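The values are calculated or read from the model by the stated rules, or taken from the named source; none is laboratory data. Keep in mind that this is a model prediction, so the values were computed, not measured. Positions of Cβ are backbone-derived with ideal geometry, glycine not excepted, and every protein chain shown enters the neighbour counts. Surface accessibility is based on the protein's heavy atoms, side chains included, excluding ligands, DNA and RNA. Shrake-Rupley method; radii C 1.70, N 1.55, O 1.52, S 1.80 Å.
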Amino acid sequence: MTTAADHYDRLLAEHYTWMLGGDIEAVATAQAELLRGLGLVARPEDGAAAVDLGCGPGPQCLALARLGFTPVTAVDTSAVLLDELMEHARRSGTAETVRPVQEDIRGALPRHFAPGSAAAVVCMGDTLPHLPARADVRKLITEVAEALRPGGSFVATYRDLTRELHGTERFLPVRSTDDRILTCFLEYVDEERVLVHDLLHVRQDGAWHLRTSSYPKLRLSSRWLTDECRAAGLVVRHDDSGPRGLRVLHAVKP
């Protein structure tokens, strides 16, 4: 079965910014407003280090830099997306702040951060369900709690897939423009996973071409994630629905 990393390398990475609407600066502004609303603001002179796990093309990194966090470590498996992130950072004047790291988000925190050294860790854009198993999510949350300094924040956005869809409601339109159409189809495998099928139509030389790929996604409930955060010693301050059908979780290390 294709992994999430392979799926993005094979199909989605080159189209990811388009999927987000095509304007990373606008997405970064919206993410900055979301994070600011949760209380994530730092003074650059304080050296408040932040980490973006599964950064993609970087709207969260740009948002964290705007909010005064420095340095901002950007972790992703996709070289294509990290290159795009750094291009956006150069254009916005934050290239000196952003540090790209190409690797799996699992184990990245203990490899790059001493315990109690990070002011903020974010894992946004539905990244958590991309991990292979719930045990990986549990371990990641433990690593987040260890990496955060007292008062540090963990913010995750994710799609709750625990309610099973049926029939044609399993077809989800993602975005369509004159030259591209992306549709997602969900196949429920068991109580823990759903198989995501992405169907991408691209118009080239006057003809439409279909590319497809599939990967498994975890079905993570709000209650399970908040319980795991509390078990790791974090205090959950916010857990509610957010933009684009994603849930927003904010937890703090006491």
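Along the axis of the charge dipole computed for segment 102-242 (Cβ charges of +1 for Lys and Arg, -1 for Asp and Glu, origin at the Cα centre), the listed residues 125, 208, 177 are led at the positive end by 125.
Can you compute the helix-only [θ] at 222 nm over the chain? Use -39500 (n - 2.57) per DSSP H run of at least 4 residues, normalise by all residues, nearest 500 deg cm²/dmol. Computed mean residue ellipticity for the chain: -8000 deg cm²/dmol. Amide H contacts under 5 Å for residue 148: 116, 118, restricted to partners 5 or more places along the chain or on a different chain, H placed in the peptide plane at 1.01 Å from N. With contacts taken as Cα pairs under 8 Å at a separation of at least 6 residues, the chain carries a relative contact order of 17 percent. Beta bridges per DSSP, both residues in the chain: antiparallel share near 70 percent.
Kirkwood Rh over alpha-carbon pairs of segment 1-111, then Stokes-Einstein at 25 °C and 0.890 mPa s: what D in µm² s⁻¹, rounded to an integer?
174 µm²/s
The charge dipole of segment 82-196, taken about the Cα centre with unit charges on the Cβ atoms of Lys, Arg (+1) and Asp, Glu (-1), comes to about 380 debye, rounded to the nearest 20.
Surface analysis of the chain yields an accessible area of 46 Å² per residue, using protein heavy atoms and a 1.4 Å probe. Based on Cα contacts under 8 Å between residues 6+ apart, segment 69-171 shows a relative contact order of 27 percent. Between segment 224-254 and segment 141-214, the alpha-carbon centres lie 20 Å apart.
Rank-order 168-181, 6-19, 70-83 by packing density, defined as the average count of other C-beta atoms within 10 Å over each peptide's residues, highest first.
Packing proxy ranking, top to bottom: 70-83, 6-19, 168-181.
Mind running the shape call on segment 78-227? Use the C-alpha gyration tensor, a ≥ b ≥ c as the square roots of the eigenvalues: rounded below 1.5 for a/c, prolate if a/b tops b/c, oblate otherwise.
oblate
Histogrammed with a bin width of 10 Å, the alpha carbon distances of segment 97-173 distribute as 16, 44, 24, 12, 4 percent, first bin at zero. This model, with +1 at the C-beta of Lys and Arg and -1 at the C-beta of Asp and Glu, gives the chain a dipole about its Cα centre of some 560 debye. The ellipsoid equivalent to the alpha-carbon distribution of segment 9-63 has semi-axes of 25, 13, 8 angstrom, derived from the gyration tensor eigenvalues as √(5λ) and listed largest first. For the chain, carbon and sulfur atoms together expose 49% of the accessible surface, with a 1.4 angstrom probe and every protein chain in place. Around the amide H of residue 77, modelled in the peptide plane, lie the amide H atoms of 103, all under 5 Å away and 5 or more residues distant in sequence or on another chain. Rg/Rh, computed from the Cα trace of the chain with Rh as the Kirkwood radius, has the value 0.96. A 1.4 Å probe, protein heavy atoms only, puts the accessible area of residue 43 near 130 Å².
Would segment 156-254 count as rounded, prolate or oblate if I go by the C-alpha gyration tensor, calling it rounded below 1.5 in a/c and otherwise prolate when a/b exceeds b/c, oblate otherwise? Verdict is prolate for segment 156-254.
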